[in-house]
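*Asks:* After the structure tokens below, expect a handful of questions from me.
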Amino acid sequence: MSGINRRQALGFSGAALAAGVLVSREALAQHEHHAPAAPPVATPAKSVRGRVATPGGDTLAFRTVGGVKIFHLVAEPVTHSFAPGLTGQCWGYNGRVHGPTIEAVEGDRVRVYVTNRLSAPTTIHWHGIILPNGMDGVGGLTQPTIKPGETFVYEWTFRQHGTFMYHPHHDEMTQMGMGLMGLIVVHPRAAKAVDRDYALLLSTWKVTPGTTRPDPNEMTDFNVLTMNGLCYPGTPPLLARTGDRVRICIGNLSAMDHHPIHLHGHSFRVTETDGGSIPAAGQWPETTVLVPTGSTRTIEFTADHPGDWALHCHMTHHLMNQMGHGLPNMIGADAERLQAAIGKAVPDAMVMGTAGMGEPGMRMEMPENTIAMAPVVGPHDAITMGGMFAILKVRDDLVGSDDPGWYTQPRGSVSRLATGAELERDGIELA
Ligand SMILES: [Cu+2]
């Protein structure tokens, strides 16, 4: 590749070549030898009645001392896997990104110790919780910051139930951009029974392809969009048996983005915000719930349709992993002419992307530690989704908490190629 650095040719520098998405034939051939990406293998979401599951995450353990529930959060650097192939040097709590979910019951007295093992001062704000002002965790305003090596103690009584969040309130842009955040789920005293109780925390990251350190200074161009710190295909499925009552608590602590979360195949009601429960008369049916940053929404529905149902943010750029962003527009370009022109400068380069990101065989040569934009081969074809995407798997015969695999649609119920007889019968004329 005389004269042109390979990375520049592939467009990652954003500078050299305006020509677009190129892939080396050699690299493509190597990729083709790999088996198609396996369906995501992740820890299945365990769902116990009355206990919330944080798919891909964890719940914070506690002990009880003198009737008070004692929790301990440790803020520290964490090496985190967003999805197979993408690891970040992040900040998290208790070895996790994001921090484990704090679960309690309305009326509980809690004491939370916070140890700072970061290189910077921090605090924790208990977002949405009604508590004494001095426990609110706003650095400088309601308390001194927790210096590196120090352990602070917070204490309050939960006087409300619902879904809340925790995050630093000191240099939020940096510390939340590095991953410091978690969920708080407080159950009502007389818990309404649901069969499946899930909690998701939405967040956005900038991880430049080929690097491992999230860039908290990014303001607009987020390229890793996550649910519980994971992007598809790293997101585990949410499971339900047909007829199960399902609750999904969704929090959003993204730096700059709101997320309209859309569920396929079902209609749900929004039953709670972080401000409290919504009376039945004030709820309305929806298929998409907008979760603004800094808020939570809880949805409830009956999983009454078996299948593999997408659950995802409806902002299309939030369904792409790193490599889907910031590429030149190749749609409609004459691939052959472009190939001839570019081939002179970069002999082993191959033009791709003229039919979009879902073009068959669309693979790019990528730097180390980078995930493709649409890496999964599903049961029927490639799944061109990444980012803030998970699958609700509803099955008649679901047993335990193991991923049941892909859904097999009943015979004759899958969209397919139309036959000539059908076209003729229904008067469809093809020019
Ligand atoms: Cu979104």
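*Asks:* Please determine whether any residue of segment 220-243 is over 25 Å from residue 402 (Cα atoms), of a type in the set (S, T, N, Q) and more than 16 Å from the ligand (Cβ to nearest atom).
*Replies:* no
*Asks:* Looking only at segment 83-109, which residues are among the β-branched types (Val, Ile, Thr), more than 22 Å from residue 130 (Cβ to Cβ) and surrounded by 19 or more Cβ atoms within 10 Å (Cβ to Cβ)?
*Replies:* 97
*Asks:* Still on this structure, please answer the following. For segment 269-326, which residues satisfy the criterion of being of a type in the set (D, E, K, R) and within 24 Å of residue 176 (Cβ to Cβ)?
*Replies:* 272, 274, 297
*Asks:* In segment 256-295, how many are of a type in the set (S, T, N, Q) and within 15 Å of the ligand (Cβ to nearest atom)?
*Replies:* 3
*Asks:* Need a quick list: strands (runs of 3 or more DSSP E) entirely within segment 71-151 having at least 1 residues that are of a type in the set (Val, Ile, Thr).
*Replies:* 86-93, 102-105, 109-116
*Asks:* Return the residues of segment 191-214 that are away from the ligand (no atom under 14 Å from the Cβ) and crowded, with 16+ Cβ neighbours inside 10 Å; say none if nothing qualifies.
*Replies:* If the condition is that a residue be away from the ligand (no atom under 14 Å from the Cβ) and crowded, with 16+ Cβ neighbours inside 10 Å, then 194, 196, 197, 198, 199, 206, 207, 208, 209, 214 are the ones that fit.
*Asks:* Among (1) modelled with pLDDT of 95 or more; (2) crowded, with 24+ Cβ neighbours inside 10 Å, where does residue 262 come up short?
*Replies:* Result: residue 262 fails condition (2) only.
*Asks:* So, in segment 160-190, of the ones that are of a type outside the set (Val, Ile, Thr) and part of a strand (DSSP E or B), which residue ends up surrounded by the fewest Cβ atoms within 10 Å (Cβ to Cβ)?
*Replies:* Only one residue fits best here, namely 187.
*Asks:* Shifting gears a bit: What number of residues within segment 382-416 are modelled with pLDDT of 90 or more and farther than 30 Å from residue 52 by Cα?
*Replies:* The qualifying residues number 7.
*Asks:* Scan segment 284-323 for residues that are among the aliphatic types (A, V, I, L, M), within 16 Å of the chain's Cα centre (by Cα), assigned to a loop (DSSP other than H, G, I, E, B) and buried (at least 21 other Cβ atoms within 10 Å of the Cβ) and report the count.
*Replies:* Of the residues in that region, 1 qualify.
*Asks:* Let me ask something else. Go through (1) exposed (fewer than 15 other Cβ atoms within 10 Å of the Cβ); (2) within 16 Å of the ligand (Cβ to nearest atom); (3) closer than 25 Å to residue 160 by Cα for residue 251 and report which single condition fails.
*Replies:* All conditions are met except number (1).
The values are calculated or read from the model by the stated rules, or taken from the named source; none is laboratory data. Everything numeric here is computed off the predicted structure, so don't read it as measured data. FYI the Cβ positions are ideal-geometry reconstructions off the backbone, even for glycines, and counts take in every protein chain you see.
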